[in-house]
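S.K.: One structure is given below, represented as structure tokens, and several questions about it will come after.
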């Protein structure tokens, strides 16, 4: 069976997309290892990066061999052992990247899209903190607006313009990305509405911009790597909501239980019973 030109183009585009995502990963890895971690963690990151590169190369070689032997392109639905390993590595790396950035923002060492001049007295009420959060929802809205138009344009310029004509595969990937983005957006805004009830004015300014920025970054990486290289983007998007939920759960139960017995999210230590949140 001869490989068609269309199949070759699809394979080249997929490889180029994987290259772009891998390049972004490399930048994140080296930044994290050089700026955020000590020597031991640095060595761990280099090891994970080596595994990531090996898995990516082995997966590509496996697909190339299968194409050569059978004369056809490997199925997009099949995952080799190395690609599964790549998924697990990206889960770890996505978690590390987001949680470390949250830890640094929590401590005031990382400034992400924070306003230059902020009146902290306006954030002393729940309504003030909620209003501050709502303004940053423009970041996820940018992505939803973009995703919607991707689906619309792909449908407009393909046979899928008629949704009942049986050509939905032309827009299926874009529809999946849009649907998943809407689900994550609902979770993001719901978690922020709750978490601002527990945040101080200072922590509101430090964390709210960061989690919304991570949603946007995660969605872009999810889109670039879809379907097989989407893990890193999915993890960072999901964790941007999860950190708000974990924080809310911790401080909710701390009003009923001894805070010294509750593990603080993402910090790896037990908070003292007289824990005081950062103030201005």
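What follows draws every value from the coordinates through simple rules; no lab data is involved. Computed from a predicted structure; not experimentally measured. Quick reminder, even Gly has a Cβ in these numbers, built from the backbone with ideal geometry, and neighbours come from all protein chains shown.
S.K.: For residue 190 and residue 176 in the same chain, what is the full-extension length gain: residue separation times 0.36 nm, less their Cα-Cα distance, in nm?
M.R.: Extra length from residue 190 to residue 176 when fully extended: 2.9 nm.
S.K.: Order of 129, 116, 81 from fewest to most other C-beta atoms within 10 Å?
M.R.: By the 10 Å Cβ count, ascending: 116, 81, 129.
S.K.: Can you tell me the FRET efficiency between residue 84 and residue 202 if r is taken as the Cβ-Cβ distance and R0 is 51 Å, rounded to the nearest 0.05?
M.R.: 0.75
S.K.: Work out how much length residue 149 to residue 107 would gain on full extension: take 0.36 nm times their residue separation and subtract the Cα-Cα distance, in nm to one decimal.
M.R.: The residue 149-residue 107 span can extend by a further 11.3 nm.
S.K.: For residue 118 and residue 156, what does the FRET efficiency come to when R0 = 51 Å and r is the distance between their Cβ atoms, rounded to the nearest 0.05?
M.R.: Efficiency, rounded to the nearest 0.05: 0.75.
S.K.: Using packing as a proxy for protection, rank 217-224, 185-192, 148-155 so that the peptide with the highest average count of other Cβ atoms within 10 Å comes first. List each step's numbers first, then the result.
M.R.: On the way: 217-224: 22.5, 185-192: 18.4, 148-155: 15.5.
Averaged packing, sorted descending, gives the order 217-224, 185-192, 148-155.
S.K.: Next question, about the same structure. Compute the length gained on full extension between residue 255 and residue 137: take 0.36 nm times their separation in residues and subtract their Cα-Cα distance, giving the result in nm to one decimal.
M.R.: Details: separation 118, 0.36 × 118 = 42.48 nm, distance 2.91 nm.
So the extension gain works out to 39.6 nm.
S.K.: Can you put 127, 242 in order of Cβ neighbours within 10 angstrom, beginning with the fewest? Please report the intermediate quantities before stating the final value.
M.R.: Working: 127 10, 242 19.
Listed from fewest to most nearby Cβ atoms, that is 127, 242.
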